[in-house]
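K.L.:
Take this structure, written in structure tokens, and hold onto it; I'll ask about it next.
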Amino acid sequence: MTTLAPATAPAPGPALSPARVLHSEWHKLWTVRSTWIMLAASTVLTIAGGIAIGASYESGQAADFALDPVQFLLFGTQFSQIILAVVGVLFIAGEYSTGMVRSTMVAVPRRVPVLWSKAGVVAGVVFTTTLTTLVVTFTSGQLFLDGTDKELSLTDRGVLGTLLGSAAGLTALALVGLGLGALLRSVPGGITAFIGGVTVLPEVLRMFPYDVLDSVAKYFPGRATEGLMTLHDTPDYATTGPALLALTLWTVAILGTATVLLRRRDV
Amino acid sequence: MIAATELTKRYGDKTVVSDLTFTVRPGTVTGFLGPNGAGKSTTMRMILGLDSPTHGTATVGDRPYAAHRAPLQEVGALLEARSVHPGRTAYHHLRALALTHGIPRGRVAHVLDLTGLTDVAGRRVKGFSLGMGQRLGIAAALLGDPATLILDEPVNGLDPEGVLWIRTLLKSLAAEGRTVFVSSHLMSEMALTAEHLIIIGRGRLLADTTVDTFVRESGAGTVKVVTPEAGRLTQLLAAPHVDVSSSASGTLDVRGTDAEHIGRTAAAHGIPLFELTPHAASLEEAFMDLTRDSLEYTAHLEQA
């Protein structure tokens, strides 16, 4: 012990810091294959969806007049949003299922910096990749839409903002996945809760013949994100401001609960 | 230095660890012994802040583990063997842990080398044998060059060469002045590795002693002597630490000294010996007697 006494002195050597925990989580995300596979899959699905929809579109079809010119090209996000949420679930619940969490929490015994670093890493990575993906998706889909009633350019009013909002929405969904993974500590549990709560539940609510349930359903994370993908406001979806606010509240509430429980529960 | 004070852990009405108070000192290997399910792992998890005690406190180096600014420099821990993501390579596992403290890459390479994992550092942990997994756990424990090591059943699943390697490693770490706290359910293993013993059964402290004392007080040192002059020999052997009892006429059971001393004493005084047999009641038996007694005792108490 005497030989190691400097360990407790305030020397500039190794010590925990929020930035270092963030760096560690960044390293963890990229050193398992599933991250690469899932981000690639969600990117390919989204772009392929945009191209398929754009290429098969013919203007003047009676049923199509209601299609939002941006949202319909982002059709692939119906699938990729689940993949992105799974990235979030796996990032934390995967640590519980493998036992890695014990190593993690011994290294960072205050625990909470781990969850918030994971949230920061997920937010940064998912926002950057989805924004890029959505811009590419929109642009590629539009290649087939010259001369149709859905022709739009990236620089048209509201388009870039809609894509930014969509990327923010998808990022929030990934964070909701992370929060559910942290709460349930189980990969299948987290994925089931996400699909059930975010995708299925609002649709179930809409089946009831009560307007109030239909309004509530608009503010569920999945539907709020769909609303952010529309260029024009419609009564089907919440408008941009409230949708972003609802997503923020969901994310903060779930991650906040996860933080409290992380502090309180045994690892 | 590890200090546990009245450490208690209950799950519902089941008490896993009960009122444990002990100190683990630097410079020696301290064995933490108990049958499976005695509460060893739970105690270690409480020391590391993974589980919070129902009552009592545990400190490492005078403060709770989580209060240190560089926890990995304070304590290196090996918990259950699989505390690793199987999809990550050994190198990246250690690197991710090192990054939390800003521990340089060179140190990662060093602990890989120390544990003989350099050649497999780039392989995913999924394909590791149990022994390689244990070595990776030890590498992670050594990453911060810690003042204290807490190792839960480190020899589990190791081949004889690996067991010997751990034994030597633990002794050398203690010789460097570190606190080394190692759990095991094998008395025989601890007798070879540890100097100090903390023995628990059903979450209760049964013994806090040195290996030497435990060996002396257990039946391990008994020598059976058959002689026609039992009375005279008993007087000749009398010494503060020697205990002589007689199970049958002309038969002595001597504790606290060895066969050589008894034989030489008898010869020097011309006492004939018909039999001189060191009785090898194993340490394992003594340990089992101790823990079994405690279990019966607690069971009896609970009935009352």
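K.L.:
Are there helices (runs of 4 or more DSSP H) fully within segment B:145-260 with at least 1 residues that are at pLDDT 90 or above and within 14 Å of chain A (Cβ to nearest Cβ)? List them.
P.N.:
On the way: elements: B:160-175, B:187-193, B:211-217, B:230-237.
The qualifying helices (runs of 4 or more DSSP H) are B:160-175.
K.L.:
Given the condition outside any loop (DSSP other than H, G, I, E, B), more than 14 Å from chain B (Cβ to nearest Cβ) and under 14 Å from the mean Cα position of the chain (by Cα), answer yes or no: does some residue in segment A:136-152 qualify?
P.N.:
Within segment A:136-152, not a single residue is outside any loop (DSSP other than H, G, I, E, B), more than 14 Å from chain B (Cβ to nearest Cβ) and under 14 Å from the mean Cα position of the chain (by Cα).
K.L.:
I want to confirm something. Restricting to segment B:36-52 and keeping residues that are of a type in the set (Gly, Ala, Ser) and more than 17 Å from residue B:198 (Cα to Cα), which single residue is farthest from the other protein chains (Cβ to nearest Cβ)?
P.N.:
Residue satisfying both the conditions and the ranking: B:52.
K.L.:
Something else: Any residue at all in segment B:53-74 that's within 24 Å of the chain's Cα centre (by Cα), of a type in the set (Ser, Thr, Tyr), at the interface with another protein chain (Cβ under 9 Å from one of its Cβ atoms) and over 25 Å from residue A:29 (Cβ atoms)?
P.N.:
yes
K.L.:
Continuing with the same structure: For residues in segment A:76-112 being surrounded by 21 or more Cβ atoms within 10 Å (Cβ to Cβ), more than 9 Å from every other protein chain (Cβ to nearest Cβ) and of a type outside the set (A, V, I, L, M), which is farthest from the chain's Cα centre (by Cα)?
P.N.:
By that ranking, first place goes to A:76.
K.L.:
Only helices (runs of 4 or more DSSP H) wholly contained in segment A:195-267 count here; list those with 1 or more residues that are within 14 Å of chain B (Cβ to nearest Cβ) and out of contact with any His (no Cβ under 9 Å at 6 or more places or on another chain).
P.N.:
Working: elements: A:201-207, A:211-218, A:221-228, A:240-264.
Passing ranges, in order: A:240-264.
This table checks each residue for (1) buried (at least 17 other Cβ atoms within 10 Å of the Cβ); (2) of a type in the set (A, V, I, L, M).
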| position | (1), (2) |
| --- | --- |
| A:198 | yes, yes |
| A:208 | no, no |
| A:213 | no, yes |
| A:217 | yes, yes |
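K.L.:
Would you be able to say whether some residue in segment B:120-128 is touching a strand residue (DSSP E or B) at 6+ places or on another chain (Cβ under 9 Å), within 13 Å of another protein chain (Cβ to nearest Cβ), more than 17 Å from residue B:151 (Cβ to Cβ) and assigned to a helix (DSSP H, G or I)?
P.N.:
Yes; the residues of segment B:120-128 include at least one that is touching a strand residue (DSSP E or B) at 6+ places or on another chain (Cβ under 9 Å), within 13 Å of another protein chain (Cβ to nearest Cβ), more than 17 Å from residue B:151 (Cβ to Cβ) and assigned to a helix (DSSP H, G or I).
K.L.:
Filter segment B:19-46 for residues that are hydroxyl-bearing (Ser, Thr, Tyr) and touching a helix residue (DSSP H, G or I) at 6+ places or on another chain (Cβ under 9 Å); which is surrounded by the fewest Cβ atoms within 10 Å (Cβ to Cβ)?
P.N.:
Across segment B:19-46, the extreme among qualifying residues is B:28.
K.L.:
So, residue A:73, is that one assigned to a helix (DSSP H, G or I) and more than 18 Å from the chain's Cα centre (by Cα) or not? Spell out the reasoning first.
P.N.:
Values: assigned to a helix (DSSP H, G or I): yes; more than 18 Å from the chain's Cα centre (by Cα): yes.
For residue A:73, the condition - assigned to a helix (DSSP H, G or I) and more than 18 Å from the chain's Cα centre (by Cα) - is met.
K.L.:
With respect to residue A:192, is the statement that it is buried (at least 21 other Cβ atoms within 10 Å of the Cβ), within 16 Å of the chain's Cα centre (by Cα), among the β-branched types (Val, Ile, Thr) and closer than 24 Å to residue A:92 by Cβ true?
P.N.:
no
K.L.:
Related question: Could you check, for segment B:105-122, whether at least one of its residues is closer than 22 Å to residue A:109 by Cβ, buried (at least 21 other Cβ atoms within 10 Å of the Cβ) and in the same structural domain as residue B:73 (by TED's automatic domain parsing)?
P.N.:
yes
K.L.:
Can you tell which of A:34, A:17 is over 19 Å from the mean Cα position of the chain (by Cα), hydroxyl-bearing (Ser, Thr, Tyr) and either within 14 Å of another protein chain (Cβ to nearest Cβ) or within 22 Å of residue A:108 (Cβ to Cβ) (or both)?
P.N.:
Sole residue among the options that is over 19 Å from the mean Cα position of the chain (by Cα), hydroxyl-bearing (Ser, Thr, Tyr) and either within 14 Å of another protein chain (Cβ to nearest Cβ) or within 22 Å of residue A:108 (Cβ to Cβ) (or both): A:17.
K.L.:
Here is a further query. For residues that are more than 8 Å from every other protein chain (Cβ to nearest Cβ), within 29 Å of the chain's Cα centre (by Cα) and among the charged types (D, E, K, R), tally how many sit in segment B:77-116.
P.N.:
Looking only at that region, the number is 2.
K.L.:
Surrounded by fewer than 21 Cβ atoms within 10 Å (Cβ to Cβ), more than 18 Å from the chain's Cα centre (by Cα) and away from chain B (no Cβ under 14 Å) - does that describe any residue in segment A:40-51?
P.N.:
Yes, because at least one residue in segment A:40-51 is surrounded by fewer than 21 Cβ atoms within 10 Å (Cβ to Cβ), more than 18 Å from the chain's Cα centre (by Cα) and away from chain B (no Cβ under 14 Å).
The values are calculated or read from the model by the stated rules, or taken from the named source; none is laboratory data. Just so you know, these numbers come straight off a predicted model, no measurement behind them. Here the Cβ is made from the backbone with ideal geometry for all residues, glycine too, and neighbour counts use every protein chain on show.
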